[in-house]
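Visitor: Attaching a single structure in structure tokens format; questions to follow.
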Amino acid sequence: ALLRQGGVTVLKGEGGRGKTVLAVKAAHDALAAGELAGGAAWVNGELEPSLDECLRQMTRVFFGDRMEQEPFEVCSNRIVEHLERGEALVVLDNFETVAHESGLIRWLAGLPLLARILITTREVPPGLPGRVVPIQELCPEEAQSLFIERATRGGTVTTGQETEIDQICAVVGCQPLAIELLAS
């Protein structure tokens with residue numbers, strides 16, 4: 001629902017909480033529902049791309065061309081025009097690794113209100129616009145349910161193992177990523 005409103009949505013939480021999985025699911029669901037006629041671009045912050053590289057990646061996804069021969073401003077304007085229609089999504093994953101890039105933060109702050117931007121990060125840097133959605137660890141019941149669902153999908157019988165499953169979930173602090181990895 002927040003993505004449909006446009007603007008910058010920030011999923012903030014410690015590693016392993018499921019921010020990236022949630023971002024993938026939100027993007028996939030919006031694409032499947034036909035809400036992103038302009039496409040969805042994913043930028044991996046772990047590669048520490050500059051603002052220019054982020055924009056070139058977006059132009060490759062949205063227009064099929066990195067626009068390498070075009071000046072930065074032309075590339076930026078084309079992306080902004082595309083995003084202002086509200087029919088495209090940019091996901092900036094692991095933003096904490098590029099948060100020092102002040103040009104990127106200024107660029108995000110200057111986007112039109114309809115632009116859909118989804119950011120995953122461990123820390124929200126000063127000046128980053130948007131609505132922050134804290135991503136917490138699961139409650140014990142949700143953790144057990146996730147474990148059982150993933151383990152069952154993988155072919156493991158979990159009936160009668162509830163105590164052991166509760167202990168496993170508690171040991172990993174009810175962190176979704178750890179539960180998914182252990183359950184598989």
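The values are calculated or read from the model by the stated rules, or taken from the named source; none is laboratory data. For clarity, every value in this text was computed on a predicted model and none was experimentally measured. In this analysis, Cβ positions are derived from the backbone assuming ideal geometry, glycine residues included, and neighbour counts consider all displayed protein chains. We work out accessible area using only protein heavy atoms, side chains counted, and drop any ligands, DNA or RNA first. Shrake-Rupley method; radii C 1.70, N 1.55, O 1.52, S 1.80 Å.
Visitor: Among (1) of a type in the set (D, E, K, R); (2) crowded, with 16+ Cβ neighbours inside 10 Å; (3) in contact with a Lys or Arg (Cβ under 7 Å, 6 or more places away or on another chain), there is one condition E14 misses while meeting the rest; what is its number?
Guide: Tallying (1) of a type in the set (D, E, K, R); (2) crowded, with 16+ Cβ neighbours inside 10 Å; (3) in contact with a Lys or Arg (Cβ under 7 Å, 6 or more places away or on another chain), E14 fails exactly one: (2).
Visitor: Can you name every one of the helices (runs of 4 or more DSSP H) wholly within segment 49-112 that holds 3 or more residues which are within 24 Å of D29 (Cβ to Cβ)? I'd like the intermediate steps shown before the answer.
Guide: Details: elements: 51-63, 72-83, 102-109.
Fully inside segment 49-112 and qualifying: 51-63, 72-83.
Visitor: Hey, another quick one. Filtering segment 148-170 down to residues that are in a helix (DSSP H, G or I) and among the small types (G, A, S), which residue is surrounded by the most Cβ atoms within 10 Å (Cβ to Cβ)? Walk me through how you get there before you give the answer.
Guide: So in segment 148-170, the residues in a helix (DSSP H, G or I) come out as 148-153, 162-170.
If we keep only those that are among the small types (G, A, S) too, we end up with 151, 170.
Working: A151: 20, A170: 12.
The residue in question is A151.
Visitor: Another question, if that's okay. Looking only at segment 124-132, decide whether some residue is open to solvent by less than 40 Å² (accessible area, probe 1.4 Å), of a type in the set (G, A, S) and touching a residue at least 24 places away in the same chain (Cβ under 8 Å).
Guide: no
Visitor: Considering each residue of segment 66-87, count those that are in contact with a helix residue (DSSP H, G or I) (Cβ under 8 Å, 6 or more places away or on another chain) and open to solvent by less than 60 Å² (accessible area, probe 1.4 Å), and give that number.
Guide: Final tally of qualifying residues: 5.
Visitor: Still on this structure: With G127, G160 as the choices, which residue is in contact with a helix residue (DSSP H, G or I) (Cβ under 9 Å, 6 or more places away or on another chain), over 19 Å from R56 (Cβ atoms) and not hydroxyl-bearing (S, T, Y)?
Guide: Working: G160 fails: in contact with a helix residue (DSSP H, G or I) (Cβ under 9 Å, 6 or more places away or on another chain).
Every option except G127 fails the conditions.
Visitor: Could you check, for segment 35-52, whether at least one of its residues is surrounded by fewer than 16 Cβ atoms within 10 Å (Cβ to Cβ), without any contact (Cβ under 8 Å) to a residue 24 or more places away in the chain and acidic (D, E)?
Guide: Scanning segment 35-52, I find at least one residue that is surrounded by fewer than 16 Cβ atoms within 10 Å (Cβ to Cβ), without any contact (Cβ under 8 Å) to a residue 24 or more places away in the chain and acidic (D, E), so the answer is yes.
Visitor: Still on this structure, I have one more. State which residue pairs qualify: first residue closer than 20 Å to V171 by Cα and inside segment 144-156, second residue open to solvent by 60 Å² or more (accessible area, probe 1.4 Å) in any location, beta carbons under 8 Å apart, and separation of 6 or more residues or different chains.
Guide: Q144/E162; Q144/D166; F147/I168; F147/L182; R150/S184; A151/S184
Visitor: Note down all Cβ pairs under 8 Å where the first residue falls in segment 96-121 and is within 17 Å of A40 (Cβ to Cβ) and in contact (Cβ under 8 Å) with a residue 40 or more places away in the chain, the second is part of a loop (DSSP other than H, G, I, E, B) and among the polar types (S, T, N, Q), and they're at least six residues apart or on different chains.
Guide: What qualifies is T120/N94.
Visitor: On to the next question. Taking segment 136-147, which residues are of a type outside the set (D, E, K, R), surrounded by 18 or more Cβ atoms within 10 Å (Cβ to Cβ) and outside any helix (DSSP H, G or I)? Lay out the reasoning, then the answer.
Guide: Kept after step one, since they are of a type outside the set (D, E, K, R), are these residues of segment 136-147: 136, 138-140, 143-147.
Then drop every residue that is not surrounded by 18 or more Cβ atoms within 10 Å (Cβ to Cβ), which leaves 138, 143-144, 146-147.
Hit for segment 136-147 is L138, nothing else.
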